[in-house]
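Engineer: I have a structure I would like to understand better, so I am pasting it below and will then ask my questions one at a time.
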Amino acid sequence: MWFEFKVAWRFLKSGKTQTLLILLGIIVGVSVQVFLGSLIGGLQQDLVNQTVGTSPHVTILPENEIPRPLVVNEDKYSRVITFASSTSGINRWREIEEYLNEEEQITEVSPTIDGSGFAVRGQKNLQVVMRGIELDKADGIYNINENLVNGQADIGGNNIIIGTELANELELQPGDTLKLNTSGGVSDRFIVRGIFDLGSKELNSSWIFMSIRRASTLFNFSDQISNIEVQISDVFASDQVADQIMNRFNNINAESWQRNNQQLLTALQSQSSSSLIIQIFVIIAVTLGIASVLAVSVVQKSRQIGILKAMGTKRKRVGIIFLIQGAILGLTGSILGALSGIGLSQAFVTFTRGATGDPLFPITINPTFILISIVIATSAGMIAASIPARNSAKLNPIEVIHNA
Amino acid sequence: MPNMIETKNLIKVYGKEVKNEVLHGINLEIKKGEFSSIIGPSGSGKSTLLNLLGALDNPTEGEIYLNGSQINKLDDDQLADFRNKNIGFVFQFHHLLPEFTSVENVMMPNWIGDSNNPDQDENRAMELLDLVGLKGFENKLITKLSGGQKQRVAVARSLMNKPELILADEPTGNLDTETSTKIYDLLRDINKELDTTFIVVTHDRHIASKTDRVIEIIDGRIDKDYLNSPEHEYDNFENVAPKYCFLCGENVIK
Ligand SMILES: Nc1ncnc2c1ncn2[C@@H]1O[C@H](COP(=O)(O)OP(=O)(O)OP(=O)(O)O)[C@@H](O)[C@H]1O
Ligand SMILES: [Mg+2]
């Protein structure tokens, strides 16, 4: 192998311009590949993070989501039925919570009582979602403490915390009182203790956190709760986890973020496949480039091949010389290409920072992906070399020796 | 003395559809240590014969024995191995690898033969370059050498694997007379010192007249085959295929 390697190396070195050009081609190809892969990977991870980072992956709800008649108003001419989607909550929630806490892949469990109503201050009357939580448990999902922009995260007694949008709209500061009316007709005054920014305008303008106990009396839930929110370690296992929970307990429904975000996932998938197609074409271009350069090289070096054969080099070894050239080109080209792709990604991150100084484009550099790129480019180099290698092996030494 | 080369009724046909029989049954015996020359008009089949003797090509019919072993039944890879171990070549256009230095070119046969003693190989290559008068040029690239120097490197290379047989096809064909004589003298010295068998194809009457034996080929047949006494070079000169003007390279009758 040493002999073949030495000759391959000299052949490449002697055709410097040619070697450098094809190396450049491979470098450009692989760096585009690495850059594109990192950018798309980063964007996708960011999208997924935004979708599931601070939200439940699986939500456990009571089963009877079927609307049932709540109020029936009948007179001579018409019949008006008001439906309620769900009045009863989850009864056995402590048992379920205990089970969830035991499960390995489940990282956060937060029992919640939800209710809707209105926040009233002065003339303003805004629709809100009141969420009764246990602060330390919900914090695991929503990072409430971290996302608090004003006041403190205190939801004891009649204390509540509200979002930034709602606070602005109603001109509320920590310490102010706020009247809340539930859709069930109950009304009470609460003290705003803290203001949070969960990163979503909708949540910031409508969510109000209070203690689960306070919500229980406010919405008259006695020993039930409305749902249990869960986060899991592998976000893409949410379907399986939801199914597992549903199989384990009766009368509940478990919703996964994946099922609720089919469209997003489909979009991500088609993005991945178009990225894959681009990568495949880059590989094809690189392979063709190496193949054509080596095909020319076999013709250029036919005299040398003839001499080597006349001196006793066997057919196979002559072919190996060209395979090694392909491997050297593929390997050095792809390593340099990967490095320049990483550099390009870093430069991109550095130069496209937003006003806050955070990168606009999150880029994920995945070592496995880069390694795979290098392996593929190197194998492509050898595959590309195999045809010229076969041609070189066929060369007859006397044909070559005959001519000057 | 045992025979270095023995051929029986060698026939070579080129071409598949249009058959062209170039050698019509060559029977030849060459003794160990003999320094022979092959002469003849252009296209008579000299190179074809030399290629067969050098295991570079297989005959269409007939048998070849080199140093007692039959080589005309070997396949490509076996022939390659045989050449590497037993035969040295010197070609008209030196045929060195321009990507390598002198000493690397000289070592090439041993690299190909997977010799596992690089230090010893390099020492031998250095000695051989010294022998052909190229001390100091060992690490120069081939492209930096003159025609005569290249041919000396080629001679050194042909000696590298200590072959018992060296075949040279017009080794001085594109060198001036003075350089030709020097290369020839070098081959002669090696022949005397190492008892290496030489067969030299040449167009040069001076060279042919200095060899032990002259084999003249015309139209694919051995036309004449006679011994020279090298001491009487000038007497030989007129005998050596007087019909050809070798230096003209054409079949001009004088
Ligand atoms: N590889 C080949 N394929 C087909 N025909 C060939 C081949 N090599 C040689 N010939 C033919 O065989 C004949 C003998 O060629 P050869 O090269 O042996 O002659 P030569 O005596 O060496 O001539 P020269 O003195 O010009 O070198 C020529 O007619 C040539 O055209
Ligand atoms: Mg010839």
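Engineer: Check region A:366-381 and report whether any residue there is closer than 22 Å to B:D75 by Cβ and more than 14 Å from every other protein chain (Cβ to nearest Cβ).
Structural biologist: Checking region A:366-381: not a single residue is closer than 22 Å to B:D75 by Cβ and more than 14 Å from every other protein chain (Cβ to nearest Cβ).
Engineer: Given the options B:F100, B:F89, name the one that is within 8 Å of another protein chain (Cβ to nearest Cβ) and touching a residue at least 60 places away in the same chain (Cβ under 8 Å).
Structural biologist: One residue alone meets the criteria, B:F89.
Engineer: A:T287 fails exactly one of the following numbered conditions: (1) more than 14 Å from chain B (Cβ to nearest Cβ); (2) at positive phi. What is the number of that condition?
Structural biologist: Result: A:T287 fails condition (2) only.
Engineer: Turning to a different aspect of this structure: How about region B:46-70: which of its residues are away from ligand 2 (no atom under 16 Å from the Cβ), crowded, with 17+ Cβ neighbours inside 10 Å and of a type in the set (D, E, K, R)?
Structural biologist: Answer for region B:46-70, where residues must be away from ligand 2 (no atom under 16 Å from the Cβ), crowded, with 17+ Cβ neighbours inside 10 Å and of a type in the set (D, E, K, R): there is none.
Engineer: When residues of region B:75-92 are filtered for being within 16 Å of the chain's Cα centre (by Cα) and buried (at least 19 other Cβ atoms within 10 Å of the Cβ), how many remain?
Structural biologist: 9
Engineer: Kindly indicate which of A:R189, A:R214 is touching a Ser or Thr at 6+ places or on another chain (Cβ under 8 Å), at pLDDT 90 or above and over 30 Å from A:Q45 (Cα atoms).
Structural biologist: A:R189
Engineer: Sticking with this one: How do the helices (runs of 4 or more DSSP H) wholly within region B:9-114 filter down when requiring 1 or more residues that are within 12 Å of ligand 1 (Cβ to nearest atom): which remain?
Structural biologist: Passing ranges, in order: B:46-53.
Engineer: Does region A:1-44 hold any residues that are without any contact (Cβ under 8 Å) to a residue 40 or more places away in the chain and charged (D, E, K, R), and which are they?
Structural biologist: Answer for region A:1-44, where residues must be without any contact (Cβ under 8 Å) to a residue 40 or more places away in the chain and charged (D, E, K, R): A:K6, A:R10, A:K13, A:K16.
Engineer: Being within 21 Å of A:Q231 (Cβ to Cβ), part of a strand (DSSP E or B) and open to solvent by less than 40 Å² (accessible area, probe 1.4 Å) is the filter here; which residues of region A:87-138 pass it?
Structural biologist: The answer is A:I90, A:I106, A:V109, A:S110, A:P111, A:T112, A:I113, A:R131, A:G132, A:I133.
Engineer: Which residue pairs have Cβ atoms closer than 7 Å, lie 6 or more positions apart in sequence or on different chains, and pair a first residue in region B:181-210 that is over 13 Å from B:I166 (Cβ atoms) with a second residue that is in a strand (DSSP E or B) and away from ligand 2 (no atom under 16 Å from the Cβ)?
Structural biologist: B:A208/B:V214
So that you can scan it fast, the table gives a plain yes or no per residue for (1) more than 20 Å from A:G115 (Cα to Cα); (2) without any contact (Cβ under 8 Å) to a residue 40 or more places away in the chain; (3) in a loop (DSSP other than H, G, I, E, B); (4) not basic (K, R):
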| residue | (1), (2), (3), (4) |
| --- | --- |
| A:G140 | yes, no, no, yes |
| A:N150 | yes, no, no, yes |
| A:G157 | no, no, yes, yes |
| A:L166 | no, no, no, yes |
| A:G185 | no, yes, yes, yes |
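Engineer: Same structure, new question: Checking A:I144 against (1) open to solvent by less than 20 Å² (accessible area, probe 1.4 Å); (2) touching an Asp or Glu at 6+ places or on another chain (Cβ under 6 Å); (3) assigned to a loop (DSSP other than H, G, I, E, B), which single condition isn't satisfied?
Structural biologist: All conditions pass for A:I144, except number (2).
Engineer: Sticking with this one: Any chance region A:265-280 includes a residue that's within 14 Å of chain B (Cβ to nearest Cβ), assigned to a helix (DSSP H, G or I), on the phi < 0 side of the Ramachandran plot and touching a Gly at 6+ places or on another chain (Cβ under 9 Å)?
Structural biologist: Within region A:265-280, not a single residue is within 14 Å of chain B (Cβ to nearest Cβ), assigned to a helix (DSSP H, G or I), on the phi < 0 side of the Ramachandran plot and touching a Gly at 6+ places or on another chain (Cβ under 9 Å).
Engineer: Of all residues in region B:5-24, count the ones that are away from ligand 2 (no atom under 16 Å from the Cβ) and open to solvent by 20 Å² or more (accessible area, probe 1.4 Å).
Structural biologist: Summing the residues that are away from ligand 2 (no atom under 16 Å from the Cβ) and open to solvent by 20 Å² or more (accessible area, probe 1.4 Å) in region B:5-24 gives 12.
Engineer: Mind checking which residues of region B:95-129 are of a type in the set (D, E) and open to solvent by less than 10 Å² (accessible area, probe 1.4 Å)?
Structural biologist: none
Engineer: Hey, another quick one. For region B:141-171, give me each residue that is within 16 Å of ligand 2 (Cβ to nearest atom) and open to solvent by less than 10 Å² (accessible area, probe 1.4 Å).
Structural biologist: B:L167, B:A168, B:P171, listed by residue number.
Engineer: Give the residues of region B:1-30 that are in contact (Cβ under 8 Å) with a residue 60 or more places away in the chain and among the polar types (S, T, N, Q), sorted by residue number.
Structural biologist: B:N3, B:N27
Engineer: Residues that are at pLDDT below 85 and open to solvent by less than 40 Å² (accessible area, probe 1.4 Å): find the helices (runs of 4 or more DSSP H) completely inside region A:297-404 holding 2 or more of those.
Structural biologist: A:367-394, A:397-402
Engineer: Then there's this: Could you list all residues from region A:382-404 that are within 30 Å of A:G341 (Cβ to Cβ) and either within 14 Å of another protein chain (Cβ to nearest Cβ) or of a type in the set (A, V, I, L, M) (or both)?
Structural biologist: Of everything in region A:382-404, those that are within 30 Å of A:G341 (Cβ to Cβ) and either within 14 Å of another protein chain (Cβ to nearest Cβ) or of a type in the set (A, V, I, L, M) (or both) turn out to be A:M382, A:I383, A:A384, A:A385, A:I387, A:A389.
The values are calculated or read from the model by the stated rules, or taken from the named source; none is laboratory data. Predicted model, so just to flag it, every value in this text is computed and none were measured. A quick note on method: Cβ atoms are made from the backbone with ideal geometry, for glycine too, and the neighbour counts reach across all protein chains shown. The area values use the complete protein model at the heavy-atom level, side chains included, leaving out ligands, DNA and RNA. Shrake-Rupley method; radii C 1.70, N 1.55, O 1.52, S 1.80 Å.
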